[in-house]
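Participant: Shown below is the structure under consideration.
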Amino acid sequence: MARTYSLFDAPPPPNAVPPQTVSVGALTAQIKDAIETRFGHVRVEGEIANWKAHGSGHCYFSLRDADQADAQVRAVLWRTAARGLPFRPGDGMRVRAVGRISLYEPRGQYQLIVETMQPAGAGAWRQAFEALKAELASEGLLDASRKKALPRFPERIGLVTSGSSAALQDMLAVLAARFPSVQVLLCPVNVQGNGAATEIAEAIDAFNLAADDPATPTELRADVLIVGRGGGSVEDLWAFNEEDVARAIARSSIPVVSAVGHETDVSIADLVADVRAATPTHAAELAVPDGRDVAGLVFGFHESLRLHTERVLANHRHRIEALVRSRSFNRPLDRLDTARQRTDTLVERLHLAGQRLTRAPRLRLDAFRARLQALDPEAPLRRGYALVSHGDSTVRSADALSEGDLVTLRFIDGERAAAIRDPS
């Protein structure tokens with residue numbers, strides 16, 4: 001039976017029967033199997049080129065050697081792995097990728113299937129930091145105008161940090177010493193490594209959901225959130241430079257104090273948060289007032305109220321004492337007589353003023369009355385005169401009547417008929 005040689009078999013000796021011919025697909029499959037068996041998982045450091053994020057969520061790019069421009073390897077980052085990246089990759093960024101070597105059979109081209117990837121060197125970390133910072137700034141998420149003020153006297157503090165860290169114990173100690181009445185709500189999370197950013201973001205969202213839900217008991221509603229951890233390397237702190245955490249802080253309706261690392265460490269979370277603390281201990285100091293200061297403030301208010309009350313009472317006491325010493329208080333009838341005399345004087349002045357005001361109108365009224373009386377047609381009748389009328393007309397002259405005319409004589413108390421005759 002003829003023998004089939006694989007790609008990696010030793011070459012046949014001279015004059016030997018040539019190996020059996022294989023198809024391209026079979027040859028590619030043998031190469032794929034050999035490469036994957038030989039290399040397995042590898043760690044590769046290089047510079048990203050031709051980065052392309054596909055609509056499916058998969059990312060395709062090349063890793064090239066900065067020292068050898070022609071040396072490069074194709075790479076692919078599947079969607080699930082891309083979601084877990086602690087930074088946003090881009091062309092020119094130097095990274096360290098861990099994955100496995102495989103062969104893309106349709107093209108017969110080997111490629112690196114990247115499983116995890118992180119920036120390589122301080123420059124790469126800084127580049128990723130600045131890229132996300134610029135994007136958030138363009139959306140206004142770093143603006144001072146959107147920062148929320150911390151409540152002056154919070155009742156409950158929400159902590160998003162590691163549940164077993166020294167930073168947590170430091171914060172608890174400071175909170176208990178400064179403001180013993182404050183209640184602490186802890187949501188423990190991983191603060192470094194894969195998935196840490198997702199846990200931190202979900203914890204922030206959970207606190208906000210509880211605060212916005214009317215069914216949540218009051219004792220589970222945080223007034224302030226402290227998000228952070230103690231110091232560490234750039235890689236250790238990187239979860240607080242990830243986009244998920246930044247956006248969770250930005251959409252939080254609860255004021256957020258960011259406390260990441262040491263004083264010299266500045267994270268994206270610090271830039272987006274409402275208040276940035278230099279350390280976790282400093283965050284606890286910012287979140288609650290010092291009980292001694294509050295006690296001093298209350299004492300000051302008490303003293304101010306006491307002094308004000310004493311001044312008011314003293315003023316009223318002096319007024320009462322002055323009233324008691326006055327003659328009016330000691331001889332009340334004298335004051336009553338004085339008031340009565342003043343009343344009589346006012347009444348008299350009012351009466352005279354009324355007479356002055358009515359004298360002129362009264363005189364004018366009397367004149368009008370006299371004129372009306374003079375024009376009264378019955379006035380002559382009351383003095384004994386009679387009004388003579390002939391038919392429907394009043395007789396004003398003797399020439400208007402003739403012998404035998406019948407006239408009517410109207411007197412003040414009635415009428416009589418008469419006949420005219422010549423007196424001669």
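Participant: Work out Dmax and Rg for segment 233-349 from the C-alpha atoms and quote the Rg first, both in angstrom.
Facilitator: Expressed in Å, the Cα Rg and Dmax of segment 233-349 come to 34.6, 103.
Participant: Counting only protein heavy atoms and a 1.4 Å probe, tell me what percentage of the chain's accessible area is made up of carbon and sulfur.
Facilitator: Roughly 55 percent, rounded to a whole number.
Participant: Any idea what the alpha-carbon Rg over 2.2 N^0.38 Å comes to for segment 173-278?
Facilitator: Working it through for segment 173-278, the quotient is 1.06.
Participant: Another question, then. Can you give the calculated 222 nm mean residue ellipticity of the chain, where each DSSP H run of n ≥ 4 adds -39,500 (n - 2.57) and the sum is split over every residue, rounded to the nearest 500 deg cm²/dmol?
Facilitator: -13500 deg cm²/dmol
Participant: A further question on this structure: Hey, if you drop one equal point scatterer on each alpha-carbon of segment 119-222 and run the Debye formula without solvent, what base-10 log of I(q)/I(0) do you get at q = 0.10, 0.11, 0.19, 0.21 Å⁻¹?
Facilitator: Those come out to -0.42, -0.51, -1.20, -1.25, one per q.
Participant: Probe of 1.4 angstrom, ligands and nucleic acids ignored: what's the accessible area per residue over the chain, in square angstrom?
Facilitator: 64 Å²
Participant: Taking the Kirkwood radius as the inverse of the mean 1/r across Cα pairs, report the Rg/Rh of segment 258-327.
Facilitator: Details: Rg = 25.6 Å, Rh = 16.5 Å.
Over the Cα atoms of segment 258-327, Rg/Rh equals 1.55.
Participant: How large is log10 I(q)/I(0) at q = 0.14, 0.18, 0.19 Å⁻¹ when the Debye formula is applied to the Cα atoms of segment 37-160, each weighted equally and without solvent?
Facilitator: For the requested q values the scattering log ratios are -0.70, -0.99, -1.07.
Participant: Continuing with the same structure: Could you work out, for segment 277-424, what percent of all Cα-Cα pairs fall into each 5 Å distance bin, beginning at 0 Å and stopping at the bin that holds the largest distance?
Facilitator: Spelled out per bin, shortest first, that is 2, 6, 6, 6, 5, 5, 4, 4, 4, 4, 4, 4, 4, 4, 4, 4, 4, 4, 3, 3, 3, 3, 3, 2, 2, 2, 1, 1, 0, 0.
Participant: A follow-up question, please. Give me Rg over Rh for the chain, both radii from the alpha carbons and Rh done the Kirkwood way, two decimal places. It would help to have the intermediate numbers written out before the result.
Facilitator: Details: Rg = 56.3 Å, Rh = 33.0 Å.
Rg/Rh: 1.70.
Participant: Estimate the FRET efficiency between Arg311 and Thr408 by the formula 1/(1 + (r/R0)^6), using the beta-carbon distance for r and 60 Å for R0, to the nearest 0.05.
Facilitator: 0.05
Participant: Let me ask another. I'd like the antiparallel share, as a percent to the nearest 5, of DSSP beta bridges with both residues in the chain.
Facilitator: Around 65 percent antiparallel, to the nearest 5.
Participant: If you don't mind, another one. Take every Cα-Cα distance within segment 197-249, group them into 10 Å bins from 0 onward, and report for each bin the whole-number percent of pairs it holds.
Facilitator: In whole percents, the pair-distance histogram is 23, 44, 24, 8, 0.
The values are calculated or read from the model by the stated rules, or taken from the named source; none is laboratory data. Quick caveat: nothing in here was measured; it's all calculated off a predicted structure. Counting neighbours? That spans all protein chains shown, and the Cβs are built from the backbone with ideal geometry, glycine included. In case anyone asks, the SASA skips ligands and DNA or RNA and just uses the protein heavy atoms, side chains included. Shrake-Rupley method; radii C 1.70, N 1.55, O 1.52, S 1.80 Å.
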